[in-house]
1. For all pairs of alpha-carbon atoms in region 260-336, what percent lies in each bin of width 5 Å, listed from the first bin to the last filled one?
2. Can you classify region 55-134 as rounded, prolate or oblate using the Cα gyration tensor, where a ≥ b ≥ c are the square roots of its eigenvalues, rounded means a/c under 1.5, and otherwise it's prolate if a/b beats b/c and oblate if not?
3. Debye calculation, C-alpha points only, no solvent: report log10 I(q)/I(0) for region 130-276 at q = 0.11, 0.21 Å⁻¹, in the same order as the q values.
4. If you take the Cα Rg of region 14-253 and divide it by 2.2 N^0.38 Å, with N the number of residues, what do you get?
5. Could you give each residue of region 105-118 its phi-based ³J(HN,Hα) in whole Hz, using Karplus coefficients 6.51, -1.76, 1.60 with θ = phi - 60°, and x for Gly or Pro?
6. Which percentage, to the nearest 5, of the DSSP beta bridges contained in the chain is antiparallel?
7. Using the Karplus curve 6.51 cos²θ - 1.76 cosθ + 1.60 with θ = phi - 60°, what ³J(HN,Hα) values do you get for each residue of region 273-282, in whole Hz, with x for Gly and Pro?
8. Hey, can you grab everything whose amide H is under 5 Å from the amide H of ALA82? Only 5+ residues off in sequence or another chain; H modelled, so Pro and N-termini drop out.
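Read-outs throughout are calculated quantities, based only on the coordinates presented, and are distinct from any laboratory measurement. Keep in mind that this is a model prediction, so the values were computed, not measured. Positions of Cβ are backbone-derived with ideal geometry, glycine not excepted, and every protein chain shown enters the neighbour counts.
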Amino acid sequence: MFSFECDYLQGAHPKILEAFAATNLTIQPGYGNDCWSDSAKDKIRAAFDCPDHDVYFLTGGTQTNAVIIDSLLRPYEGVISAVTGHVNAHEAGAIEHTGHKVLTLPAHDGKLDAAEVAEYIRAFYADPTWPHMVKPGMVYISHPTEYGTLYTAEELAALSAVCKEYDIPLFLDGARLGYGLMSYDTDVTPALLARLCDVFYVGGTKVGALCGEAVVFRPGLMPVQFPTIVKQHGAMVAKGRLLGVQFDTLFTDGLYFDISRHAIDMAEKMKALFLRKGYTFFKATPTNQQFVLLDNEKLRELQPKVGFSIWEPADATHTVVRFATSWATTDEDLAMLEEIL
């Protein structure tokens, strides 16, 4: 059986494995002080046109979300998220485990509305009992969202303006950032994202790497002794070259963006395939995640033949499922899917 369950089913892009083999016996310091980590940081700054930003590599998405939120919030602060946001719905309480509450707001196609965020913060300060409440200290979004949708430049700018008004950071989870930036239906560029967000990360785990995420802080925001905080959270790799080599490879000659665009092209072909077969979309997204509405009998028929994610019940007889393409999806994979459907 083959699978479209998620976008990290394969190991790593062959160029990364080649780079590991080529650099394997080269002696370099640990903990991210190696030459490849330094090179990768420079390449990421260049790709996002943010030459003065700080870049740091962590092990995975959940660790990155927890470390960033915990390190930037005061003990009495929480993080605003859409109710469907990854930190609220799919991180096993990792944020709460650090002592910070996730403050949820309604999701609109997976996205936060800037006006609702502003009203939430305004209402907090208007309440005379606010010293007894969890203070909103950060806004969390992901791009793409849990539903594969994307923020527009206008929506991102509006959220950024609210955060600046209340002097709190806007944090963008970029676990699938490449697939968002390379969508054919986006006006958000790497440079614009770096300008509007106070901190974001470039996902590697889901975009061609074995593991790892690259956190990018606006100048002056990275906490003092951030590496110490990372280590306290168990998110530091002693052999930091493991992450440095991967990101240096991904950001050489535009590989990160090229393989992300490939996943988008495969998703567009998948979308057309489902339509030809008469399937209905719950959300036909512009990214690599496609959400299909399946009759429960059809779902049970397909499960032994192809992997996909069960997302949520639609009604008593239908279920929303997700099919995801990746940097490694092939035309042959899609041909097999079409035959099964």
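1. 3, 16, 27, 27, 18, 7, 2, 0
2. Oblate shape, in that a/c is at least 1.5 and b/c is the bigger or equal ratio.
3. Reported log10 I(q)/I(0), two decimals: -0.50, -1.40.
4. Relative to the 2.2 N^0.38 Å estimate, region 14-253 comes out at 1.01.
5. 10, x, 9, 10, 6, x, 10, 7, 9, 4, 5, 5, 5, 4
6. Once the DSSP bridges in the chain are tallied, antiparallel ones form about 60 percent.
7. 4, 4, 5, 4, 8, x, 7, 10, 8, 6
8. Correct list: LEU105.
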